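The values are calculated or read from the model by the stated rules, or taken from the named source; none is laboratory data. Computed from a predicted structure; not experimentally measured. Virtual Cβ from ideal backbone geometry, glycine too; neighbours counted across all protein chains shown.
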Amino acid sequence: MFDLPKISLKGKVSEQEWQLRVDLAACYRLVADLGWDDIIYTHLSARLDGTDQYLVNAFGLAFDEVTASNLVKVDLNGNILDDTPYEINPAGFTIHSAVHAVREDAHCVMHLHTPATIAVASQKEGLQPYSQYSMFSLSSLSYHGYEGLAVNDDEKKRLQDDLGTTNHMLLVNHGGLTLGPTVGDAFMRMFDLQRACEIQLMLQASGQEAIKVPQPILDNIYKQAKIVHTGTTGGQKIWPAMLRKAYKLDPGFMD
């Protein structure tokens, strides 16, 4: 009842796949530590370079139980490609498969149901330029209207059209989504989006009128970010520190 099946893929998959598994498992652990998880629901997925194969969490495991070895490899249709005792939530993979199918740069996709992202996504005016964190999201943000549980294939096209070339999405009445060329980039973008939503709700709860960041500053934010990150992306810069944090929390994610 309490013991998970023992699986070890270390040395049985390519070095590239193993590193991706470690990165994605670490991301699941960090999401759990930050309180962004939703029991066994929501998903983080990552594509293996040069393939249409993806890693995603096993359905039924909490985020703090995810390891490099128990991640499940699937194709765009959610068919399981591994010899594994686990299944995936096919409905949950609908959103991820829609994004991966049209965004070559979406090596990692994060979709979460945090209270802050749901709350701001459900406001008529959406995310506002109230903080430095909001700058990064607003520079590349889209919205997708609520259509119920994401189980209908015909919703994929509408989600893809709404996403376009953006890297952050607020799903109305539903939650948040970020993507990136690495696990670290998708994580950093979700961190910014989550923090921006939290600050907006705090400001609104204060009852005081908030000061908006001027549009010219928003327009220049990516140029400024390149200076701050010394030519790398925010995700590339912070990810080694996040891996160390995940290891300190519990090195078991690397099993």
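Take E125 and tell me if it is without any contact (Cβ under 8 Å) to a residue 24 or more places away in the chain and under 19 Å from R189 (Cα atoms). Here the answer is no, as E125 does not meet what is asked. Across the stretch 150-200, the number of residues qualifying as aliphatic (A, V, I, L, M) and exposed (fewer than 15 other Cβ atoms within 10 Å of the Cβ) comes to 1. All conditions but one from (1) touching a residue at least 12 places away in the same chain (Cβ under 8 Å); (2) outside any helix (DSSP H, G or I) apply to G50; the one that does not is (1). Considering the stretch 83-121, and only residues there that are among the acidic types (D, E) and touching a residue at least 12 places away in the same chain (Cβ under 8 Å), the residue that is surrounded by the fewest Cβ atoms within 10 Å (Cβ to Cβ) turns out to be D105. Report, by residue number, each residue of the stretch 122-138 that is among the small types (G, A, S) and surrounded by fewer than 18 Cβ atoms within 10 Å (Cβ to Cβ). S122, G126 - these are the residues of the stretch 122-138 that are among the small types (G, A, S) and surrounded by fewer than 18 Cβ atoms within 10 Å (Cβ to Cβ). The single condition among (1) of a type outside the set (A, V, I, L, M); (2) farther than 30 Å from N77 by Cα; (3) touching a residue at least 60 places away in the same chain (Cβ under 8 Å) that Q194 does not satisfy is (2). Checking L24, L44, L61 one by one, the residue that is closer than 22 Å to P251 by Cα and in a helix (DSSP H, G or I) is L24 and no other. When the test is whether a residue is charged (D, E, K, R), modelled with pLDDT of 95 or more and within 30 Å of A91 (Cα to Cα), D153 does not pass it. Could you grab me the full set of residues in the stretch 61-119 that are modelled with pLDDT under 95, hydroxyl-bearing (S, T, Y) and in contact with a strand residue (DSSP E or B) (Cβ under 7 Å, 6 or more places away or on another chain)? Within the stretch 61-119, T84, Y86 meet the criteria. Scanning the stretch 144-178 for residues that are of a type outside the set (S, T, N, Q) and in a strand (DSSP E or B) gives H144, H168, M169, L170, L171, G175, G176, L177. Contact annotation: no residue pair with Cβ atoms under 6 Å, 6 or more positions apart or on different chains, pairs a residue in the stretch 165-188 that is on the phi > 0 side of the Ramachandran plot and of a type in the set (F, W, Y) with a partner that is buried (at least 22 other Cβ atoms within 10 Å of the Cβ) and assigned to a strand (DSSP E or B). A residue that is outside any helix (DSSP H, G or I), within 16 Å of S97 (Cα to Cα) and charged (D, E, K, R) cannot be found anywhere in the stretch 118-126. Within the stretch 1-46, the set of residues being aromatic (F, W, Y), more than 21 Å from Y247 (Cα to Cα) and either crowded, with 17+ Cβ neighbours inside 10 Å or more than 18 Å from the chain's Cα centre (by Cα) (or both) comprises just one member, F2.
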